[in-house]
Each structure stands twice: as structure tokens, then as C-alpha cells.
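Below is one structure; the comments refer to it alone.
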Amino acid sequence: TWGWGHGGQVFHESLTMMAYAYMDPVSAMNSQRVYSERQYESGYINYRTGSFLDEIIEHNNQLTSSAPWYAWQNWEVYRITKDKEFLEEMYQSSKKFYNYYISNRDSDNDGMCEWGAHAVLECVRDGLVAVWDEVGWPSNFEAVDLNTMLVKEAKSLAAMARELGKEEEAETWEEKAKLRSIKINETMWDKETGFYYHVDKKDHDFTYKKKNDLKREEIIGFLPMWAGIASKDQAAKLVAKLTDPNKFWRKYGVPSLSADDSYYNPKGYWNGPVWVEWDFFIVDGLIQYGYDDLARELVDRVAANMIAQLKKDHNLWEFYSPDDQWAGYHKTYIWAGIINRMMMDVMRLGEK
């Protein structure tokens, strides 16, 4: 697989540990520990790490990191391993990483963060993104995906703290998550279209160059369900959009961009294909809000294409077409393995 053996592992690809920990819990914990061992005193964790590699990608006098879902990963790995020593280590490391983002990714000090350094790489969606390509560089916007991730991080840190008997710290983290959730709903939710979008950093509206040019229906607009930010009413509106076959409810999963967007290409990059790990977020959000049947159906759709490809070439791929049995561009790709966790999660629904 891609990972430590392929010139180092990109930080965000460690999502796969949330499935791998069921197979080899010690190895999964040690994989996470690599990041804490390489972590800077400031809390920064580098973009890609390997045996002989610490890729930092300096840009605009900043160091490039990756998506802040580190605390969530560590909490989920702990829920599998029940290793309190690991939890204590990762709680301290995750706190530092969260605080790094808060201190270094809010250039206007308004309580909302934007992607920084080489922002296109840092945001994970690093090529053929509708907003980045047709509107502007990520650092110009208060990012709905980043701020949603920071809510999930704060909630995960609260869970970690409570498990460690640090009740006051847990309450502090919960308050941070609550306040950021309020900001997201106040500034990034669009009542007119029933969806979440980035906003212009300067005035917090959906217009950057042309009126409402930030209103592009990308998969990140569903992330507030994954982080528990959306109200039940907002979730219902999101699900209505999600299950529209002309937009996101495609034959083989949820595409990274709505199919009715002019930039949509099911065999592109971040402008159409199904990225399995991002569909994992959708599944997780559906389960949280009680849409169990839709979660099962989505896993079945994604798995159908993956199974077809496995029969054809015995490989997991970087991404898959939502419309046809096709996969690209890189094979033996580590984080497509998260399909195993998705299948386990929906199988457990019958145990409720």
C-alpha cells in the first residue's frame, strides 16, 4: 500500500488507521505515534513524514500541514485499543496540534480559520477543485471544511479529556466546539439553497469576485453533519440535496462535486470522483442523524464499484467514478482501505 513505504505518508492518509486498528492495534497506535514524535514544539505536524523525510513545504512564510482530524483519529483508535497510555500521549499531542491551527490559521483574528501555507495541498483537496480553480486561492476564504474539522477536533478532545478524568478540560473543549459551531451556522449556512459554503474572509458573504461565486455545491458542504453542527432541520435539507440523483446520489457513491455543476467530471480529480474516505464522513454523519438506511445504501454503492475493480485488477485505487465502473489514477492507495470501517459501521447498526 501507499504509506510509510512510498516516500513517506501524507498526514491525512492516516485516516486508514481507524480501520487498520481492528487488524493490528499496536501497529495502528505506533503509526499515529510517528506524528507525535515528529511534532514541533509549536504543535505543527508536517505534511508528509517518512523514515528519511519531513516534508514541510514552506509557502508564504508558513509551513504546510494537513487536515486537522488528528484528535478524532486518535480518539477512534483508542476506542478500539482501549490503551490509556496511548490516549494520554495522543491527548497531549492533539491539544498542541489543535492550538497550532487556532494560532496560525486565523489571519484576521475573527475566530474563524482559513487554510494556510500551501493551502491547496494543506486542505487535502489538492487539484481540480471548483472554488480554487474558478474563484480564488483557499486562504482568501473562511473555510467551511476546516472550521468544521476544528469543531470535530474540539469534541474529540473533550471525549479524550473526559475519559482521562479531566472534566474541567472536557467542558472547556465542549464550549470551544459550541462557539465555533454557532459561527459556522451563522456565517456559512445558506438558507436559500439549504447548504454550507465557504465565505469571503473580508466580509463573510458568499461573493468573492462575482455575486455568489462561492456557492458551489462541493462534498464539504455535508461535513457539518459529520461534526454534529447541523440542526435536525438543516440535516433534513442537506439529506434532500444529498439524495438528489441529479446532484450527489449517484450510482456508485457521493461525488466530490455536484453532478449538475458545470465543472463536474466523474473521471476528473476533486471535481467529481468518489473519494472513499470522504464518503466515509457522509456515512458517519448519516448515522449520527438517524439516517441508517441511507448510510447502508451509500456503503453498498461505494463498495459495488470497489468490488468490481478488485475483481478486475486486485487493487484499491485513489478514487472511483460515481457513474461508471472506473477507477484512477494511483493504485494500491492506502486510504481507500477505509471502506472496511464503513462496512463495519453499518453492519453494527443492526445491533442497536
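Every number here is computed from the coordinates shown, using simple stated rules; none is lab data. Keep in mind it's a predicted model, so treat the numbers as computed, not measured. No Cβ is skipped: glycine too gets one built from the backbone with ideal geometry, and neighbour counts run over all protein chains shown.
Below is a table of values for the structure above.
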read-out: Contour minus Cα-Cα distance for N30 and D233 (0.36 nm per residue); value: 69.0 nm
read-out: Surface/4 of the Cα convex hull for the range 1-98, nm²; value: 6.0
read-out: Compactness of the range 109-202 as Cα Rg over 2.2 N^0.38 Å, two decimals; value: 1.22
read-out: Relative contact order (percent, whole number), the range 182-288, Cα cutoff 8 Å, 6+ residue spacing; value: 21
read-out: Of W275, W326, W75, the one that fluctuates the most in a GNM where the chain has Cα springs shorter than 10 Å; value: W326
read-out: Label point distance in nm, T207-N315, each placed 7 Å from Cα along Cα→Cβ; value: 4.7
read-out: Cα→Cβ-extended label distance, 7 Å offset, between E171 and N109, nm; value: 2.9
read-out: Difference of contour (0.36 nm per residue) and Cα-Cα distance, R79 to H59; value: 3.6 nm
read-out: For W249, distant residues with modelled amide H under 5 Å away; value: D244
read-out: Calculated FRET value between N185 and D133, using beta carbons and R₀ = 25 Å, to 0.05; value: 0.35
read-out: Gaussian network model of the chain, Cα within-10 Å springs - most flexible of V276, V124, V199; value: V124
read-out: Given charges at Cβ of Lys, Arg, Asp, Glu: the chain dipole, positive-most of Q288, Q39, G8; value: Q288
read-out: Euclidean distance of C-alpha centroids, the range 21-47 and the range 107-167, integer Å; value: 20
read-out: Exposure proxy ranking, count of Cβ atoms within 10 Å, fewest first, for S36, S258, S94, S231; value: S231, S36, S258, S94
read-out: Lys/Arg +1, Asp/Glu -1 at C-beta; the chain dipole; positive extreme among A336, A117, Q234; value: A336
read-out: Choice from N61, N315, N147 with maximal GNM fluctuation in the chain (Cα, 10 Å cutoff); value: N61
read-out: Unit charges at the beta carbon, dipole of the chain: most positive-side option, S256, G50, L63; value: S256
read-out: Dipole magnitude (debye, nearest 20) for the range 243-352, charges at Cβ of Lys, Arg, Asp, Glu; value: 300
read-out: For the chain, calculated [θ]222 nm from helices alone, where every DSSP H run of n ≥ 4 adds -39500 (n - 2.57); value: -14000 deg cm²/dmol
read-out: Total charge dipole magnitude, the chain, about the Cα centre, Cβ charges on Lys, Arg, Asp, Glu only, Debye to nearest 20; value: 600
read-out: Semi-axis lengths (Å, descending) of the ellipsoid that matches the C-alpha gyration tensor of the range 243-352; value: 21, 18, 11
read-out: Convex hull volume per residue in cubic angstrom - Cα atoms of the range 71-124; value: 89
read-out: Dipole magnitude of the range 1-133 about its Cα centre (Cβ charges: Lys, Arg +1; Asp, Glu -1), debye to nearest 20; value: 380
